[in-house]
Amino acid sequence: MTDVLAAFEAAKGFMPLDEGLALYAAAREAAAGLGLPLLEVGTYCGRSTLLLADAAASAGTVAVTVDHHRGSEEQQPGWEYHDSSLVDPATGRTDTLPEFRRTLFAAGLEEYVVAIVGRSPQVAKLWRQPLGLVFIDGGHTDEHAGADYEGWAPLVAVGGLLVIHDVFPDPADGGQAPYRIHQRALASGVFTEVSALRSLRVLRRAAGDLTV
Ligand SMILES: C[S@@+](CC[C@H](N)C(=O)[O-])C[C@H]1O[C@@H](n2cnc3c(N)ncnc32)[C@H](O)[C@@H]1O
């Protein structure tokens with residue numbers, strides 16, 4: 001655990017350590033309990049992926065991580081979270097895939113990760129396998145967060161966990177799209193909140209149909 005947390009802190013990314021520890025605890029519980037793959041939407045440079053990968057490895061399963069690697073709206077040039085060192089000089093576009101691969105390699109966790117380069121809704125349409133945990137940390141507009149919820153929440157296995165990042169009930173603290181999908185999950189009658197730490201919410205799926 002010390003090693004994976006050191007790698008987490010060394011990796012580029014946005015998740016603070018306390019939220020990372022909450023995600024890691026959820027991932028370990030889900031992986032050990034169900035033995036099913038853990039899936040993340042929003043790889044970026046792999047900071048949170050490391051936690052899912054280590055949890056998956058300890059339970060003999062894998063972490064799947066989905067990202068088009070071109071960055072979210074707020075990571076584009078001129079925006080608050082832009083990192084010019086992640087721009088590919090050949091295309092002039094953000095490309096977080098090389099840094100992600102370095103992160104995973106440095107942590108020795110490559111064999112526990114299936115990385116999918118693509119748009120979350122397109123990948124979700126192709127996916128059939130039930131998942132032990134879905135972690136939503138992709139695009140933060142209503143369009144993207146809504147599509148992530150609709151695409152992936154139905155694939156959480158009964159007893160599995162849905163984890164949502166950047167949930168801010170107060171608009172003064174941040175954008176509302178992740179909060180709105182959090183509210184949709186609670187209103188579904190299928191997900192119940194099991195923990196909340198700052199902007200990270202962990203919900204468990206009960207039996208029953210999920211209408212999204
Ligand atoms: C906030 S960052 C993820 C941070 C990462 N989980 C971490 O802890 O470091 C959001 C990522 O979602 C990706 N993304 C945004 N919309 C997406 C979409 N529709 N499909 C796939 N990836 C998307 C962006 O490219 C970006 O890398």
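We did not get these values from a lab; they are worked out from the coordinates using the rules stated. Keep in mind the model is a prediction, meaning the values are calculated, not measured. Cβ coordinates were reconstructed from backbone atoms using ideal geometry, including for glycine residues, and neighbour counts include every protein chain displayed.
For the range 158-209, trypsin sites (Lys or Arg not before Pro) meeting the loop criterion (DSSP other than H, G, I, E, B) and having at most 15 other Cβ atoms within 10 Å: Arg198. Its alpha carbons considered, the range 171-212 gives a radius of gyration followed by a Dmax of 11.2, 35 Å. Gyration tensor analysis over the Cα atoms of the range 8-122 returns equivalent ellipsoid semi-axes of 25, 14, 13 Å (largest first, whole Å). Helix-only arithmetic for the chain: the sum of -39500 (n - 2.57) across DSSP H runs with n ≥ 4, divided by the residue total, places the mean residue ellipticity at 222 nm at -11500 deg cm²/dmol.
Across q = 0.10, 0.13 Å⁻¹, the chain modelled as identical point scatterers on its alpha-carbon atoms has Debye log10 I(q)/I(0) values of -0.38, -0.66, in the order of the q list.
The distance between label points at Leu126 and Arg198 comes to 3.4 nm (points 7 Å beyond Cα on the Cα→Cβ vector). The Glu150 and Val87 beta-carbon pair, evaluated with R₀ = 45 Å, returns a calculated FRET efficiency of approximately 0.90.
Note that the range 108-178 shows a convex hull volume over its alpha carbon atoms of 118 Å³ per residue. Amide H contacts under 5 Å for Asp88: Arg93, Thr94, Asp95, restricted to partners 5 or more places along the chain or on a different chain, H placed in the peptide plane at 1.01 Å from N. Under the combined filter of DSSP loop state and at most 16 neighbouring Cβ atoms within 10 Å, the range 66-151 retains these GluC sites (Glu not before Pro): Glu80.
For the range 203-209, putting each phi into the Karplus relation 6.51 cos²θ - 1.76 cosθ + 1.60 with θ = phi - 60° gives couplings of 10, 10, 8, 9, 5, x, 6 Hz, in residue order, rounded to whole numbers and with x for Gly and Pro.
Can you tell me the FRET efficiency between Val114 and Val158 if r is taken as the Cβ-Cβ distance and R0 is 25 Å, rounded to the nearest 0.05? Before the final figure, lay out each step's value.
Values: r = 23 Å, r/R0 = 0.91.
Efficiency for this residue pair is about 0.65.
Close amide H partners of Glu40, meaning residues 5 or more places away or on another chain with modelled amide H under 5 Å apart, are Val64, Thr65, Val66, Phe135.
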